Amino acid sequence: REMLSELARALADVDGNFLKDFQTTGFNARLWELYLHAFLYEQRFSNNREFNRPDFCGEKDGFAVGIEAVTANPTEGATFPDPENARELRVLREELMPIKFGRSLTTKLKKRYWELPHMKGMPFVLAIHDFCGSDSMTWSAPAIEEYLFGLRASWHKDENGKLHVVENPITEHRWGKRGISSGFFNQADAEHISAVLFSNSATLAKFNRMGKLAGFGSPDVRMIRVGARHDFDPNATEPIPFTADVEPGKYAESWTEGIRIFHNPRALLPIPPGVFEDCAHYFLDDGVRRAALPDGFIHFSKT
């Protein structure tokens, strides 16, 4: 009840546009904000509603952070391509999606939120979600990591089955006549971005599952979640498929599940990983990407 009350209060946003946008052309963006509100509440952040920029000014145990929500959206008037095979999926992931993510993030970067008086000395995070296509969020996650760090890994296994990974720099991403330089964290002024928060979970399926677990809806509705969990074997190259029956008392899920924090190696104001608990954290260490993933980390799913 307390969570629902907080979510209801979130609708009374300071810029006064939430209800209008939620019911018209801004549904995805406002759904993402609602999800972030639930996530920050679960993470025990208080939210200062005095300011309307950025979207969230949160504080937890004396640590303050500003967070601006941003979405990657389909191009108006164009149909987002649906990959029909592995080759098409790879090209979309390596070329088109970084452009979609990059343009949205760069637009927010140019707004220079860190110069606002109430943001002085406060770490700043851009929180982005993919809404480009009906199923794009099930496969686009690797694109954001490669674009942010400007690196793509190649790998092989030796005769003993040991995995060897090499990081390869990326210079640009190109789709038709459109192109963008890779490495968002290397851009001018990007040092003011402490981290990029990403999730592919702010979907109606997520809210349906969480609602069912909270006891809402018809008991005759059955939800089956299928997807892939991370394989923590250091020599694994594929995730582990799973199927779960979303049934209260037998299944557990949190708002935090699926949240990824990409830490900027050039950040002027770094964020301690412990601030955002039970999230997946990604770092660049001497030119090599490192990840600290929570147990049972889910890469993608459908319900």
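Here are the numbers:
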{"item": "From Ser154, Ser182, Ser194, residue being without any contact (Cβ under 8 Å) to a residue 24 or more places away in the chain, farther than 30 Å from Ala244 by Cα and in contact with a strand residue (DSSP E or B) (Cβ under 7 Å, 6 or more places away or on another chain)", "result": "Ser154"}
{"item": "Hits in the stretch 60-99 - residues which are farther than 30 Å from Asn168 by Cα and loosely packed, with under 15 Cβ neighbours inside 10 Å", "result": "Asp61, Gly62, Phe63, Glu76, Gly77, Ala78, Thr79"}
{"item": "Conditions (1) open to solvent by 80 Å² or more (accessible area, probe 1.4 Å); (2) assigned to a loop (DSSP other than H, G, I, E, B): number failed by Asn208", "result": "(2)"}
{"item": "Members of the stretch 232-252 that are surrounded by 14 or more Cβ atoms within 10 Å (Cβ to Cβ), closer than 20 Å to Ala280 by Cβ and of a type outside the set (A, V, I, L, M, F, W, C)", "result": "Pro239"}
{"item": "Yes/no for Ser218 being out of contact with any helix residue (DSSP H, G or I) (no Cβ under 8 Å at 6 or more places or on another chain), more than 18 Å from Asp135 (Cβ to Cβ) and crowded, with 20+ Cβ neighbours inside 10 Å", "result": "no"}
{"item": "Answer residue from the stretch 253-275, given it is in a loop (DSSP other than H, G, I, E, B) and among the hydrophobic types (A, V, I, L, M, F, W, C) and is most open to solvent (accessible area, probe 1.4 Å) among those", "result": "Leu268"}
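The values are calculated or read from the model by the stated rules, or taken from the named source; none is laboratory data. Everything numeric here is computed off the predicted structure, so don't read it as measured data. With ideal geometry, Cβ positions are generated from the backbone for all residues, glycine too; neighbour counts draw on all protein chains shown. Each accessible area value is taken on the protein alone, full model and side chains, heavy atoms only, with ligands, DNA and RNA left out. Shrake-Rupley method; radii C 1.70, N 1.55, O 1.52, S 1.80 Å.
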